[in-house]
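The values are calculated or read from the model by the stated rules, or taken from the named source; none is laboratory data. As the structure is a prediction and not an experimental result, all values here were calculated from the model. Here the Cβ is made from the backbone with ideal geometry for all residues, glycine too, and neighbour counts use every protein chain on show. Just so you know, the surface numbers come from the protein's heavy atoms only, side chains and all, with ligands and any DNA or RNA stripped out. Shrake-Rupley method; radii C 1.70, N 1.55, O 1.52, S 1.80 Å.
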Amino acid sequence: MASFECEHGDPMINSVLVANRGEIARRVFRSCADAGIGTVAVYSDADADLPHTREADAAVRLPGNTPSETYLRGDRIIEAAHQAGADAIHPGYGFLSENADFAQAVQDAGLTWIGPPPAAIASMGSKVEAKRIMADAGVPVLSELDPAEITADQLPVLVKASAGGGGRGMRVVHELSALEDAVKAASAEAGSAFGDATVFCERYLPTGRHIEVQVLADEHGTIWAVGERECSIQRRHQKVIEEAPSPLVDDAMRQQLFDAARAAAKAIGYVGAGTVEFLATDSGEFFFLEMNTRLQVEHPVTECVTGVDLVGLQLRIAESDRLPPEPPPQDGHAIEVRLYAEDPAQDWQPQSGTIHALDVPRVAAEFRIPPRGGIRLDSGFEGGSVVGVHYDPMLAKVIAWAPTRGEAARALAAALAGSKIHGLVTNRDLLVTVLRHPAFLAGETDTAFFERHGLDTLSTPLADDRARQLSALAAALAAAAANRAQAKVLSGLPSGWRNVASQRQRKSYRVGEDTVDVDYRITRAGLDADGHDDVSLVTSTPGRVVLTVAGVRRTFDVARYGDQVYVDSPLGPVALRRLPRYTDPDAAVPAGSLLAPMPGSVLRVAVEQGATVQSGQPLLWLEAMKMEHQISAPADGVVAELPVSQGQQVDVGTVLAVVHAASES
Amino acid sequence: MTVVRTSVDAAAEDFAEYRDAMLTKLDELETEHAKAIEGGGEKYTERHRKRGKLLARERIELLIDEDSPFLELSPLAAWGSDYKVGASMVTGIGVVEGVECMIIASDPTVKGGSMNPWSVKKGFRAADIAAQNRLPTINLVESGGADLPTQKEIFIPGGRTFRDLTRASKERVPTVALVFGNSTAGGAYLPGMSDYVVMVKEQAKVFLGGPPLVKMATGEESDDESLGGAEMHARTSGLADYLAVDEEDAIRLGRSIIKRLNWNKQGPSPKPSYSEPRYDAEDLLGIVPTDLKVPFDPREVIARVVDGSDFDEFKPLYGSSLVTGWADIHGYPVGILANARGVLFSEESQKATQFIQLANQSDTPLLFLHNTTGYMVGKNYEQNGIIKHGAMMINAVSNSTVPHISVLMGASYGAGHYGMCGRAYDPRFLFAWPSAKSAVMGGQQLAGVLSIVARASAESRGQAYDEDQDAAMRAMVEGQIEAESVPTFLSGMLYDDGIIDPRDTRTVLGMSLSAIHNGPVEGARGYGVFRM
């Protein structure tokens, strides 16, 4: 890591409270610990066992679970800082990080605020206001459109929450008729998420490139543009893959971007770490989008290519230190992916539950810059952690830094493909597919990447059908080995031995939407498995099965958690669910039952028991992860049972309603 | 650690010849086993499946623990009779929820699972094994009852079936009946005498008399369901403890019953770790000569069966035609008696007697590996008391109370069969290799004896002896004795518990020993060991 001498005054900060959770809390703790600064965590009830809570020198409980009860409670957080003896607060990103009132309250409480001046936050908090300031400072902007005066030739337009971020409160409108509803919906969402329902419209560039510049400014007038990042690959306006430098940006454009970013920071008297976001066209034209007055999720890629410890410098700037006159240049290429517990194939449905294993291979560093060519992991979870329904389901950021973009993509794809991620559906396969996609490798990464290349194609599992069949076989053989090892009697005898053999052993698994029956026998002559004539068994243990497949030896790692089975191999990860040998009739669900697809609460119920419904008619809505999920009638019929009511918390698999199809009744 | 040295040469010509012969016999055995698996044949199997029912073996597979071994017993019962091979019943030892159980399943594809005289014998054998070894019994019931044309051979002795169930219960060995279909008339006592009863909804039918009989007896109009349906028995009569919604559910319930038995084995536990034999079990195919007159060294077999090929021989220099010694099999200690050169002389008999007494002193189960042509005959031997010495050995075997297992590897002729713990001496298990033969004596010898006696008789009457007729008689007798000595025939008669692949010997013995240890293992008390 390159070294940056700051001009030191006396250290002011002895202990930092991080008003955040998960990986970002751990990231800040790491820099604090390196500097010899004490750390204080806050945690909601659901987060009591997460690593960030355990790792800090001290941790203070924020009773409750919802963000508004916990990580958004500025008063409690300041009280916690006093309680635990912290003298500074780092807000992380999200939650209160861009809340000027909170920043002010922190300072008023006599604590050091590790962030920009409250006024700078406020000026950028309103996107409408921010654009005006930027336009005045000569930064290129997309002009704001009045919803009432939008004409067809201005379409498509983007409706955005003024106080927004992270894709919430954002809508793309392609037809004038949809505008009014979109504005209302965005406004409602913005109100619920940010407490500010203001929205605005601007021209929507459907194939734009999202390019942002990291700035760092000290109190003494030095403003760095540390490097640019490209974060064009997004889903629902949320970044998924971020990299530095941008494959679009050449030196000339970089200079313009950096100048614009510095001008933006200067215009608002910015101090600290911030990011100026631009929307660029392929031809190199760019427009100011917004300025994030905080650390970004994707800051690690900039750290990797510049050698700068951004959080470390945030701390020093907060201690009124001086930055050197020039930032270091960018070196090599870094790519970050956001590993989410979500199902891209099911409309990105967020997942919750226990993450049994989260093992990324060849991790060279955590929360710090890895040796060149290495993998960096920033994660707030570990094997056994529970991913709850209350917060963002991002499991980890995985970052590769290599001399070239191609090398970084290859190393990152390999690390992800080889990761053991057990317990929850993730976007891992999608990330690997994108990192290996010819268009991505060619640098063609605009915001419409998923639409252009088709989410269906991109979210195809890495494991093909044959790999799934082999993985199911490996799962069965590992289970057989476990059964033998755990047998109370006769455990030393051959697996499934028969003196008069009439049939094979059978184990059935659910793989995605398919049921795979594995029929096998282990005889003196070896493995005899239905449909696997070219497969022989080399060894099997409860955790690992080695097979020879068509002359090629393959190793499958198998992990079991109850009926969940995860088989990892170079052929691709496969998640399976062991189907029970017997069905307990008491556990059977009546035909026509609609089950909760995820944990959440019942937002409202549209029908009553006994109601006649048409196929597709909404019956009720669930709220989970701040998203509404509509539960509709699967067929024309009658609502026979409706065991839930508004406000009720439901677990995944809870019967929400039973609809008897018209033909049945 | 005393590792047996081997002199088996797998590349030798003899070895290849013996191996080929054994493999041919194993192929033939598989053909016979296939008949048992086939049950009532394709047509009845299809009909059974169309009713949504599982086959007997499918029920068993679903009942036992996944990937656990299953030792089917008497699979060739009724072989050579007018009845289907297997005797419309599947019996065996399987592990259910970690408990070794005797599983008895009627095969409804064979005449509706009705019991013929061989089924009755097979059932008795299973009940004996369950009783001697304290194995909980699970009956998978779907039987049309007695095969009426042969009722005279079934009805009176068959009552033992129900007696055995309740006696097992008295001995605190649980019995479970899973009723999948018919269990009527006398068959109704099968669930009636069991500790736990599960009946499958809309399938189980358990009554003393069906609607026609009731109509005849009392004039009452009735139907199957009200007389003996599962719902009725579960809700009204109380004969069923559990009502299963379907066959799989019945099996699930059966497993949960076993899980809650709190079953503890009374015998000592095996050693927690042990080694596999040092030599390949494959070699066992090439060890037994095709001509049983040619002896083979049983140590080569022992070396491929016992843990670590570790065998401590007792009295190796005395009575060397019988090998005796100590070893472990799957962690269970055993004493082994194995014939080395066919004939048992006085020394061998005395050595065996002493060894059996020693095993009883140390509560060690005994394994008999048969390859004997019997006790020695001849003037010298008679005068030296071969009868007394043979009687000693038979006495010791008869009154030994440690568990015995017999494996017929080759010959098991004459009183040697008795002395080596033949079927009549109640070994807990008796298995035969395809190479085995057992009879009062060899066919050739028996024909020769008859010829000599006939010739003497003719001579004494002053008649000329018809040599052509003698030759024909000898050929016929020899043929008959040969046919009745082969293991399929003996297995058909229930004289063994099954014919096994020699390579499976270790596994079969491991399962047998483990089953045996559900009961106590205690040697006979009384006198000290008589030095021989």
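Taking A:Ala105 as the residue in question, decide whether it is open to solvent by 20 Å² or more (accessible area, probe 1.4 Å) and closer than 28 Å to A:Glu290 by Cα. Don't jump to the end; show me each part of the working.
Details: open to solvent by 20 Å² or more (accessible area, probe 1.4 Å): yes; closer than 28 Å to A:Glu290 by Cα: yes.
So A:Ala105 passes the test.
List every residue pair whose Cβ atoms lie under 8 Å apart, where the two residues are 6 or more positions apart in sequence or sit on different chains, the first residue falls within the range A:38-60 and is without any contact (Cβ under 8 Å) to a residue 40 or more places away in the chain, and the second residue, located anywhere, is among the acidic types (Asp, Glu).
A:Thr39/A:Glu55; A:Thr39/A:Asp57; A:Ala41/A:Glu55; A:Thr53/A:Asp47
For the range B:284-371, list the strands (runs of 3 or more DSSP E) that sit wholly inside it and hold at least 2 residues that are closer than 22 Å to B:Gly526 by Cβ; which are they? Before you say what the answer is, go through the steps one by one.
Numbers: elements: B:312-314, B:322-329, B:332-339, B:342-344.
It comes to B:332-339.
Residues in the range A:389-420 that are assigned to a strand (DSSP E or B), under 23 Å from A:Ala624 (Cβ atoms) and open to solvent by 10 Å² or more (accessible area, probe 1.4 Å): how many?
1
B:Pro502 fails exactly one of the following numbered conditions: (1) modelled with pLDDT of 90 or more; (2) open to solvent by 10 Å² or more (accessible area, probe 1.4 Å). What is the number of that condition?
In the conditions (1) modelled with pLDDT of 90 or more; (2) open to solvent by 10 Å² or more (accessible area, probe 1.4 Å), B:Pro502 misses (2) alone.
In the range B:22-31, how many residues are in contact (Cβ under 8 Å) with a residue 40 or more places away in the chain and either of a type in the set (S, T, N, Q) or open to solvent by 30 Å² or more (accessible area, probe 1.4 Å) (or both)?
Within the range B:22-31, residues that are in contact (Cβ under 8 Å) with a residue 40 or more places away in the chain and either of a type in the set (S, T, N, Q) or open to solvent by 30 Å² or more (accessible area, probe 1.4 Å) (or both) number 3.
Is one or more of the residues making up the range B:107-117 open to solvent by less than 10 Å² (accessible area, probe 1.4 Å) and closer than 25 Å to B:His404 by Cβ?
No, the range B:107-117 contains no residue that is open to solvent by less than 10 Å² (accessible area, probe 1.4 Å) and closer than 25 Å to B:His404 by Cβ.
Let me confirm something: among B:Pro191, B:Pro174, which residue is buried (at least 18 other Cβ atoms within 10 Å of the Cβ), touching an Asp or Glu at 6+ places or on another chain (Cβ under 8 Å) and more than 24 Å from B:Ser81 (Cβ to Cβ)?
Values: B:Pro191 fails: touching an Asp or Glu at 6+ places or on another chain (Cβ under 8 Å).
So the residue among B:Pro191, B:Pro174 that is buried (at least 18 other Cβ atoms within 10 Å of the Cβ), touching an Asp or Glu at 6+ places or on another chain (Cβ under 8 Å) and more than 24 Å from B:Ser81 (Cβ to Cβ) is B:Pro174.
Residues being open to solvent by less than 20 Å² (accessible area, probe 1.4 Å) and either under 17 Å from A:Ala58 (Cβ atoms) or at pLDDT 95 or above (or both): count how many of those fall in the range A:1-36.
Number satisfying all stated conditions: 16.
Restricting to the range B:194-212, name every residue that is open to solvent by 60 Å² or more (accessible area, probe 1.4 Å), outside any loop (DSSP other than H, G, I, E, B) and modelled with pLDDT under 95.
B:Pro212
Given the criterion closer than 23 Å to A:Thr293 by Cα and open to solvent by less than 10 Å² (accessible area, probe 1.4 Å), identify the matching residue among A:Ala100, A:Ala81.
Only one candidate qualifies: A:Ala81.
Among the numbered conditions (1) surrounded by 21 or more Cβ atoms within 10 Å (Cβ to Cβ); (2) modelled with pLDDT of 95 or more, tell me where B:Ser485 comes up short.
Unmet condition: (2).
Taking the range A:461-486 as the region of interest, how many residues are without any contact (Cβ under 8 Å) to a residue 60 or more places away in the chain and touching a helix residue (DSSP H, G or I) at 6+ places or on another chain (Cβ under 7 Å)?
Qualifying residue count for the region: 0.
Take the range A:491-522 and flag every residue that is hydroxyl-bearing (Ser, Thr, Tyr), open to solvent by 40 Å² or more (accessible area, probe 1.4 Å) and either touching a Pro at 6+ places or on another chain (Cβ under 9 Å) or more than 10 Å from chain B (Cβ to nearest Cβ) (or both).
Of everything in the range A:491-522, just one residue is hydroxyl-bearing (Ser, Thr, Tyr), open to solvent by 40 Å² or more (accessible area, probe 1.4 Å) and either touching a Pro at 6+ places or on another chain (Cβ under 9 Å) or more than 10 Å from chain B (Cβ to nearest Cβ) (or both), namely A:Thr515.
B:Leu62 passes all but one of (1) at the interface with chain A (Cβ under 9 Å from one of its Cβ atoms); (2) farther than 14 Å from A:Arg506 by Cβ; which number fails?
The single condition B:Leu62 does not satisfy is (2).
Quick check on the range B:213-230: of everything there that is out of contact with any Ser or Thr (no Cβ under 8 Å at 6 or more places or on another chain) and among the aliphatic types (A, V, I, L, M), which residue is surrounded by the most Cβ atoms within 10 Å (Cβ to Cβ)?
Here the answer is B:Ala230.
Hey, can you tell me all the residues within the range A:550-593 that are open to solvent by 60 Å² or more (accessible area, probe 1.4 Å), more than 14 Å from chain B (Cβ to nearest Cβ) and charged (D, E, K, R)?
Listed by number, the residues that qualify are A:Arg553, A:Arg554, A:Arg577.
Being outside any loop (DSSP other than H, G, I, E, B), more than 11 Å from chain A (Cβ to nearest Cβ) and of a type in the set (Gly, Ala, Ser) narrows it down to one of B:Ala483, B:Ala524, so name that one.
Step by step, each of B:Ala483, B:Ala524 is checked, and only B:Ala483 is outside any loop (DSSP other than H, G, I, E, B), more than 11 Å from chain A (Cβ to nearest Cβ) and of a type in the set (Gly, Ala, Ser).
So which of A:Leu455, A:Leu470, A:Leu435 is over 19 Å from A:Ala559 (Cβ atoms), crowded, with 19+ Cβ neighbours inside 10 Å and away from every other protein chain (no Cβ under 14 Å)?
Residue meeting the stated conditions: A:Leu435.
Could we say that A:Val516 is farther than 30 Å from B:Gly86 by Cα, among the hydrophobic types (A, V, I, L, M, F, W, C) and modelled with pLDDT of 95 or more here? Explain how you work it out, then say what you get.
On the way: farther than 30 Å from B:Gly86 by Cα: yes; among the hydrophobic types (A, V, I, L, M, F, W, C): yes; modelled with pLDDT of 95 or more: yes.
Yes, satisfied.
Say whether the condition of being in a loop (DSSP other than H, G, I, E, B) and touching a strand residue (DSSP E or B) at 6+ places or on another chain (Cβ under 9 Å) is met by at least one residue in the range B:505-515. Give the derivation first.
Step one: list which residues in the range B:505-515 are in a loop (DSSP other than H, G, I, E, B), which gives none.
Checking the range B:505-515: not a single residue is in a loop (DSSP other than H, G, I, E, B) and touching a strand residue (DSSP E or B) at 6+ places or on another chain (Cβ under 9 Å).
Any idea how many residues of the range B:111-140 are closer than 20 Å to B:Gln203 by Cα and at pLDDT 95 or above? Spell out how you get there, then give the answer.
Pass one, the range B:111-140, residues closer than 20 Å to B:Gln203 by Cα: B:111-115, B:138-140.
Restricting the remaining residues to those that are at pLDDT 95 or above gives B:138-140.
So the count comes out to 3.
Pull up the range B:488-504, narrow it to residues that are of a type outside the set (A, V, I, L, M) and part of a loop (DSSP other than H, G, I, E, B), then point me to the one that is farthest from the other protein chains (Cβ to nearest Cβ).
This residue is B:Tyr495.
Take the residues in the range B:66-79 that are facing another protein chain (nearest Cβ under 7 Å) and assigned to a loop (DSSP other than H, G, I, E, B), then tell me which one is most open to solvent (accessible area, probe 1.4 Å).
Selected residue: B:Glu66.
How do the pairs read when you match residues in the range A:640-661 that are on the phi < 0 side of the Ramachandran plot with residues anywhere that are of a type in the set (Lys, Arg), using Cβ under 6 Å and keeping only pairs 6 or more apart or on different chains?
A:Gln646/A:Arg604
Mind counting the residues in the range B:231-270 that are part of a loop (DSSP other than H, G, I, E, B), of a type in the set (Gly, Ala, Ser) and within 13 Å of another protein chain (Cβ to nearest Cβ)? I'd like the intermediate steps shown before the answer.
We begin by selecting, within the range B:231-270, every residue part of a loop (DSSP other than H, G, I, E, B); these are B:238-241, B:245-246, B:260-270.
Among the residues that remain, those that are also of a type in the set (Gly, Ala, Ser) are: B:238, B:240, B:267, B:269.
In the following step, the residues that additionally are within 13 Å of another protein chain (Cβ to nearest Cβ) were identified as B:267, B:269.
The number of residues fulfilling the criteria is 2.
Mind listing whichever residues of the range B:335-360 are touching a Gly at 6+ places or on another chain (Cβ under 6 Å) and either surrounded by fewer than 24 Cβ atoms within 10 Å (Cβ to Cβ) or aromatic (Phe, Trp, Tyr) (or both)?
Those that are touching a Gly at 6+ places or on another chain (Cβ under 6 Å) and either surrounded by fewer than 24 Cβ atoms within 10 Å (Cβ to Cβ) or aromatic (Phe, Trp, Tyr) (or both): B:Glu347, B:Asn360.
Which residues, taken from the range A:331-371, are out of contact with any Lys or Arg (no Cβ under 9 Å at 6 or more places or on another chain), buried (at least 16 other Cβ atoms within 10 Å of the Cβ), in a loop (DSSP other than H, G, I, E, B) and modelled with pLDDT under 95?
If the condition is that a residue be out of contact with any Lys or Arg (no Cβ under 9 Å at 6 or more places or on another chain), buried (at least 16 other Cβ atoms within 10 Å of the Cβ), in a loop (DSSP other than H, G, I, E, B) and modelled with pLDDT under 95, then A:Gln351, A:Ser352 are the ones that fit.
I'm checking my understanding of the structure. Among residues of the range B:36-53 that are open to solvent by 20 Å² or more (accessible area, probe 1.4 Å) and within 11 Å of chain A (Cβ to nearest Cβ), which one is nearest to A:Val500 (Cα to Cα)?
First, pick out the residues of the range B:36-53 that are open to solvent by 20 Å² or more (accessible area, probe 1.4 Å): B:37-38, B:42-47, B:49-53.
Next, only the ones that are within 11 Å of chain A (Cβ to nearest Cβ) stay: B:37-38.
Details: B:Ile37: 8, B:Glu38: 12 Å.
Filtering the range B:36-53 for residues that are open to solvent by 20 Å² or more (accessible area, probe 1.4 Å) and within 11 Å of chain A (Cβ to nearest Cβ), the one nearest to A:Val500 (Cα to Cα) comes out as B:Ile37.
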